[in-house]
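Q: Sharing a structure below in structure tokens format, with a few things to ask.
No lab work stands behind these numbers, since they all come straight from the coordinates. This structure is a prediction, so every number in the text was calculated from the model and none was measured. Reconstructed Cβ throughout: ideal geometry from the backbone, glycine too, with neighbour counts over all protein chains shown.
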Amino acid sequence: MSLLIDTSALVAARNADDKNHDKSIDIMTNALKGEFGKIYISDYIFDEAVTLAYLRTGNKNFANDLGNFARTRPIIFRFIEPIDFERACKLFLY
């Protein structure tokens with residue numbers, strides 16, 4: 001099993017003012033312990049999360065902190081390649 005971190009969960013886990021902060025912390029804590037297998041984040045999600053963090057808070061330091069967290073182990077950073085994109089499109093359509 002593995003887990004792809006979503007933007008909203010990542011932002012909520014790092015933002016104590018987010019209404020889903022506590023729930024996201026629980027999920028992220030379990031994920032970081034390996035309970036869901038390997039943890040992945042894509043370049044698309046990274047970009048969206050850092051941008052959203054800045055837009056919601058107006059704080060570039062917070063956005064930078066979130067970005068640094070998203071790029072640390074055990075989180076595995078993956079760049080979306082054209083083949084990955086095409087496979088995702090096919091999975092979505094069928």
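Q: Rank these for me by crowding, Phe69, Phe46, going from fewest to most other beta carbons within 10 Å. Before the final figure, lay out the partial values.
A: On the way: Phe69 15, Phe46 21.
The most exposed by this proxy come first: Phe69, Phe46.
Q: If you take the C-alpha gyration tensor of the chain, multiply each eigenvalue by 5 and take the square root, what semi-axes do you get, largest first, in whole Å? Could the numbers behind the result be given before it?
A: Values: eigenvalues 105, 56, 30 Å².
Gyration-tensor ellipsoid for the chain: 23, 17, 12 Å.
Q: Would you list Tyr44, Tyr54 from fewest to most Cβ contacts within 10 Å? Working shown, then result.
A: Details: Tyr44 13, Tyr54 17.
Taking fewest neighbouring Cβ atoms as first place, the list is Tyr44, Tyr54.
Q: OK, next. Place a point 7 Å from the Cα of Phe69 along the Cα-to-Cβ direction; which residues of region 1-26 have their backbone N under 11 Å from it?
A: Residues 9-18, 21-22, 24-26 fall inside that zone.
Q: I'd like the Karplus ³J(HN,Hα) series for region 20-31: coefficients 6.51, -1.76, 1.60, θ = phi - 60°, whole numbers in Hz, and an x wherever there's a Gly or Pro.
A: 9, 4, 4, 4, 5, 4, 4, 5, 5, 4, 5, 5
Q: Sticking with this one: If one computes the Cα centroid of region 1-25 and of region 54-94, what distance in Å separates the two points?
A: Between the Cα centres of region 1-25 and region 54-94 lies a distance of 13 Å.
Q: Continuing with this model, one more query. Simple spin-label model, 7 Å along Cα-to-Cβ: Glu81 to Leu93 in nm?
A: It works out to 2.1 nm between the two label points.
Q: Here is a follow-up. Run the dipole for the chain about the Cα centre, Lys and Arg Cβ at +1, Asp and Glu Cβ at -1, nothing else charged, and hand back the magnitude in debye, nearest 20. Working shown, then result.
A: Working: 12 positive and 13 negative charges, 33 e Å.
My answer is approximately 160 debye.
Q: Right, another one. Please give the FRET efficiency for Tyr40 paired with Asn61, using the beta carbon to beta carbon distance and R0 = 25 Å, rounded to the nearest 0.05. Could the numbers behind the result be given before it?
A: Numbers: r = 26 Å, r/R0 = 1.02.
It comes to 0.45.
Q: Within 10 Å of each residue's Cβ, count the other Cβ atoms and sort Thr51, Thr57 from fewest upward. Before the final figure, lay out each step's value.
A: Details: Thr51 14, Thr57 17.
Listed from fewest to most nearby Cβ atoms, that is Thr51, Thr57.
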